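Worksheet: the structure to be examined is printed underneath.
None of the figures in this text is laboratory data; all of them are computed from the coordinates on show. Treat the numbers as computed from the prediction; the structure is a model and nothing was measured. With ideal geometry, Cβ positions are generated from the backbone for all residues, glycine too; neighbour counts draw on all protein chains shown.
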Amino acid sequence: MELLPVVCLCLLTRCGITSADGNGPAVVTVEQDRDVILPCSLSTKENIESKLFDWKKAAQKDGKNKEVFFYDAGIHYNNGRAGQSEEFKGRVFHFPGELKHGNASIIIRNTKMADSGDYTCVFPHLQTRQTFHIKLVVGAAPKPNIENLDQTKDRALLQCEANGNPQPEVEWRDSAGNKLPAEEPHVSQRDGRFFISLNAAVNKTDRYRCVATQKNISHQIYAETFVHLNGQ
């Protein structure tokens, strides 16, 4: 599966793609409420404008696969074809200009936690049937917010606020990458997301980084701040 044209587009949607290991699916992560691109591209780059491809989401509680996007020689869910699952109506689009390059990728607008799951992109009528597997994880942590709560000539109290689902592990580091001692994190949960607040006191002029890590989806993001203490 070729991702090159999609990776460029993905940069505009703040999503991440982790290559599959072995025969496992590629994992795509995105912050909630942002757009995300699910990649599906033939390695042959053959023109698929007159072909058929079908995007589905694997069954969850109701036991039925969800119809995400269906394209057949120019006819699809956004121009009159019926059958799309209700939760995807008006939110899923393809890239018409990319079809001639074998690119059947789609973009899902305004992602929600419920969009997380396993997706397949199938070309059933090619000489050799091809199926692409994508795992979408909605809830990647956005860039943390940093605030200097209190500063004297020889000390500063820094606060980092991060959120995401799965719950991020949050830590403070100095410019050398050393983990700093910090207070116990304050954790709350709402709208399907975990919110973490972590305070740390620093006593030297340096650049400090708050790092939020979600190991189970291979996602890490950070914010930095520079603290100048007059007492040094």
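Net charge within 9 Å of residue 172 by Cβ-Cβ distance, Lys/Arg positive one each and Asp/Glu negative one each, not counting residue 172 itself?
With Lys, Arg at +1 and Asp, Glu at -1, the net is +1.
Return the loop-located trypsin sites (Lys or Arg not before Pro) in the range 83-184 (DSSP other than H, G, I, E, B) with at most 13 other Cβ atoms within 10 Å of their own Cβ; answer none if there are none. Intermediate results must be reported in sequence, preceding the final value.
Working: sites: 89, 91, 100, 109, 112, 129, 135, 153, 155, 173, 179; in loops: 89, 91, 109, 112, 129, 153, 155.
Sparse-neighbourhood loop trypsin sites (Lys or Arg not before Pro): 89, 129, 153.
Springs between alpha-carbon atoms under 10 Å, Gaussian network over the chain: tell me which of 211, 138, 28 tops the mean-square fluctuations.
Result: 211 has the largest fluctuation of those listed.
Of the residues 83, 164, 177, which exhibits the maximal mean-square fluctuation in a Gaussian network model of the chain defined by a 10 Å Cα contact cut-off?
177
Using a simple charge model, +1 on the beta-carbon of Lys and Arg, -1 on the beta-carbon of Asp and Glu, nothing else, what dipole does the chain show about its Cα centre, in debye to the nearest 20?
Here the chain has a charge dipole of around 320 debye.
Considering only Cα-Cα distances, which of the following residue pairs are longer than 18 Å: 135/215; 56/215; 112/215; 57/135?
Beyond 18 Å: 56/215; 112/215.
With labels modelled as points extended 7 Å from the Cα through the Cβ direction, what inter-label distance (nm, one decimal) is found for residue 186 paired with residue 60?
Going from the residue 186 label point to the residue 60 one covers 3.1 nm.
What stretch of the chain, leaving out the sites themselves, is the longest with no GluC sites (Glu not before Pro) in a DSSP loop having at most 13 other Cβ atoms within 10 Å? If you can, show how the numbers build up before the last one.
Numbers: sites that count: 46, 49, 183.
It runs 50-182.
Could you tell me which of 192, 156, 130 has its Cα farthest along the dipole of the range 113-232 towards the positive end, charges placed at Cβ (Lys, Arg +1; Asp, Glu -1), taken about the Cα centre?
130
From the residues 165, 229, 144, which one has its Cα farthest along the dipole of the chain in the positive direction, the dipole being from +1 and -1 charges on Cβ of Lys/Arg and Asp/Glu about the Cα centre?
Result: 165.
Tell me, how many Å apart are the Cα centres for the range 45-65 and for the range 144-197?
Centre-to-centre (Cα) distance: 41 Å.
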